[in-house]
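Please treat every number below as a calculation from the coordinates, not as lab data. Note that this is a predicted model, so its numbers are computed, not measured. All Cβ positions, glycine included, derive from the backbone under ideal geometry; neighbour counts span all protein chains shown.
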Amino acid sequence: MNKDTEIFNRIFPLACRYMRVDVLKVDEEFNQKALDIFLELNKNVRFKGQHEFLTVDNLMNIDSELTSSSEDLVFYLDGCKDVVVFATTLGVDVDAYSKKLQARDMSSAVIYDALASSYLEYLTDEYEKSLNLGEHTFRFAPGYGDIPIKLNYIILDALSISKKIGIYKASNNMMLPQKSMITMCGLGKKTAPTCAHCIRLNSCSLRKEGYRCYNS
Ligand code: SF4
């Protein structure tokens, strides 16, 4: 199996989850179509990443009104002194190809979009692993739970992310390139990305529908 196929096999289950498709029920034809689309996607990816270590206090003071409004942020960083913030992006060529695809083949565009989101997660995972962070929480992002999505913009400015790796503010709290994200994890405490460690375990509507953000 070549490296591209190996990566595709790693990211395909999450892409299926984004499309709300049961990966176990995917037929060979759909699988092959998705692999072909991934190979095109891969040609367009110019991954860039940036990370910054902050104290939890510094993070919370980045915009104290905003951060203190989030119970989830306090919950996930409880017991951590420091935090690492990541900014990662697949680059503008991914967006340009997505637009072309949307104009000529919407079903392929949907698959492309899901694969791109999953690929960004995968590449950010690899970037995170390369830092050997020791014990740390799972990675989460503004927009997750009650963490205000507007925090993306505050962090973009505070860490000069536009200047360093070219992620910019767009309208409606989105960022450009579209396949970009700001994520973070607390340091010094180990929590896995499972429902058991989620503040919403007992009130989660996703679980009621039989879906999960993560594997358990
Ligand atoms: S599926 Fe699990 S991890 Fe996701 S929000 Fe619900 S309880 Fe939390």
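Listed values, structure above:
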quantity: When each of 43/100; 3/33; 3/189; 3/100 is checked by Cα-Cα distance, pairs over 22 Å; calculated: 3/189; 3/100
quantity: Ranking of 20, 10 by count of other Cβ atoms within 10 Å, fewest first; calculated: 20, 10
quantity: Paramagnetic label zone (point 7 Å from Cα along Cα-to-C-beta, residue 36; backbone N under 14 Å) in segment 80-114; calculated: 105-109, 111-112
quantity: Neighbour net charge for residue 168 - beta-carbon separation under 14 angstrom, K R +1, D E -1; calculated: +3
quantity: Only Lys, Arg (+1) and Asp, Glu (-1) charged, at Cβ; the chain dipole about Cα centre in debye; calculated: 200 debye
quantity: Under Karplus coefficients 6.51, -1.76 and 1.60, residue-wise ³J(HN,Hα) of segment 142-153 in Hz, glycine/proline x; calculated: x, x, 7, x, 9, 6, x, 5, 4, 4, 3, 5
quantity: In nm, spacing of pseudo-spin labels at residue 108 and residue 92 (7 Å Cα→C-beta vector); calculated: 2.4 nm
quantity: Calculated FRET efficiency for the pair residue 162/residue 1, C-beta based, R₀ 22 Å, to 0.05; calculated: 0.05
quantity: Inter-label distance, nm, simple model (7 Å from Cα along the C-beta direction), residue 208/residue 196; calculated: 2.5 nm
quantity: Derived scalar couplings ³J(HN,Hα) [segment 74-82; Karplus, 6.51 cos²θ - 1.76 cosθ + 1.60; whole Hz; x for Gly, Pro]; calculated: 5, 4, 6, 9, 4, x, 9, 9, 10
quantity: Percentage, to the nearest whole number, of Cα pairs in segment 3-208 over 25 Å apart; calculated: 42 percent
quantity: In order through segment 179-192: 3J(HN,Hα) via Karplus (6.51 cos²θ - 1.76 cosθ + 1.60), integer Hz, x for Gly, Pro; calculated: 8, 9, 8, 10, 9, 7, 9, x, 10, x, 9, 9, 9, 7
quantity: Inter-part distance where segment 107-165 and segment 11-83 are each reduced to a Cα centre, Å; calculated: 5 Å
